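Below: the structure, in structure tokens.
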Amino acid sequence: MWAKEFCGTNLMTSFFQGLEHAIAGTALYVLKSDDDLDRLKDAVTEKMTRVRNRIDKSGEGIYVQASTLGSLEALTEFLKSPAVNIPFCDFSIGPVHKKDVMKTNVMLERKKEYATILAFDVRVMPDARDLAEESGVKIFVA
């Protein structure tokens, strides 16, 4: 690479092994030596841990789905704000899949009003939409 830093407006084509496990919106780190590995692992997991710590431990709340880690953080901050105060029980990054609807299905038995997926800037897969309609889970897409 010739640049030390890439911004959102730069175009970069990349081919990396294991890139399918990357989380959209997270930083791209270059491992210069094995000594940096632990430090970089900590940096990568820090943001996810921050978002995970915001989850209502009672297991009751809506399900949040976002396209990137940054948008997920913004949504969870908004939901936790005193003006809104909507609990969420779990989240995911990427398209809404059938498994996400199945996780949300549990709320139909506990608190029906929380049987909701808030999907921000993501696709809802056809099988997920079908299951949501059949089961009564609401999906709000923005």
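Numerical summary
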{"item": "All positions within the stretch 62-118 that are in contact with a helix residue (DSSP H, G or I) (Cβ under 9 Å, 6 or more places away or on another chain) and of a type in the set (D, E, K, R)", "result": "E73, D90, K98, K99, D100, E113"}
{"item": "Condition met for T104 (in contact with a strand residue (DSSP E or B) (Cβ under 9 Å, 6 or more places away or on another chain) and either surrounded by 12 or more Cβ atoms within 10 Å (Cβ to Cβ) or in a loop (DSSP other than H, G, I, E, B) (or both))", "result": "yes"}
{"item": "Filter result (surrounded by fewer than 16 Cβ atoms within 10 Å (Cβ to Cβ) and either under 21 Å from the mean Cα position of the chain (by Cα) or touching a residue at least 24 places away in the same chain (Cβ under 8 Å) (or both)) within the stretch 129-138", "result": "S135, G136, K138"}
{"item": "Any hit, the stretch 61-71, residues being exposed (fewer than 15 other Cβ atoms within 10 Å of the Cβ), over 17 Å from E133 (Cβ atoms) and not charged (D, E, K, R)", "result": "yes"}
{"item": "Conditions (1) at pLDDT 90 or above; (2) closer than 22 Å to G136 by Cα; number of the one not met by G59", "result": "(1)"}
{"item": "Residues of the stretch 88-101 satisfying the condition of being buried (at least 19 other Cβ atoms within 10 Å of the Cβ) and either over 15 Å from V137 (Cβ atoms) or in contact (Cβ under 8 Å) with a residue 40 or more places away in the chain (or both)", "result": "F91, I93, V96"}
{"item": "Subset tally (residues that are closer than 25 Å to E77 by Cα and touching a His at 6+ places or on another chain (Cβ under 7 Å)) for the stretch 97-142", "result": "0"}
{"item": "Matching residues in the stretch 129-142 - criterion: being of a type outside the set (V, I, T) and in a strand (DSSP E or B)", "result": "K138, F140"}
{"item": "Unmet requirement for A24, which otherwise passes all of (1) outside any helix (DSSP H, G or I); (2) modelled with pLDDT of 80 or more; (3) under 22 Å from the mean Cα position of the chain (by Cα)", "result": "(2)"}
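Table: residues versus (1) part of a loop (DSSP other than H, G, I, E, B); (2) at negative phi; (3) free of Cβ contacts under 8 Å to residues at least 24 places away in the same chain.
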position: K47; (1), (2), (3): no, yes, no
position: T76; (1), (2), (3): no, yes, no
position: A83; (1), (2), (3): yes, yes, yes
position: I86; (1), (2), (3): yes, yes, no
position: L118; (1), (2), (3): no, yes, no
position: D127; (1), (2), (3): no, yes, no
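The values are calculated or read from the model by the stated rules, or taken from the named source; none is laboratory data. None of these values were measured; they are calculated from a predicted model. Backbone-built Cβ (ideal geometry, glycine too); neighbour counts: all protein chains shown.
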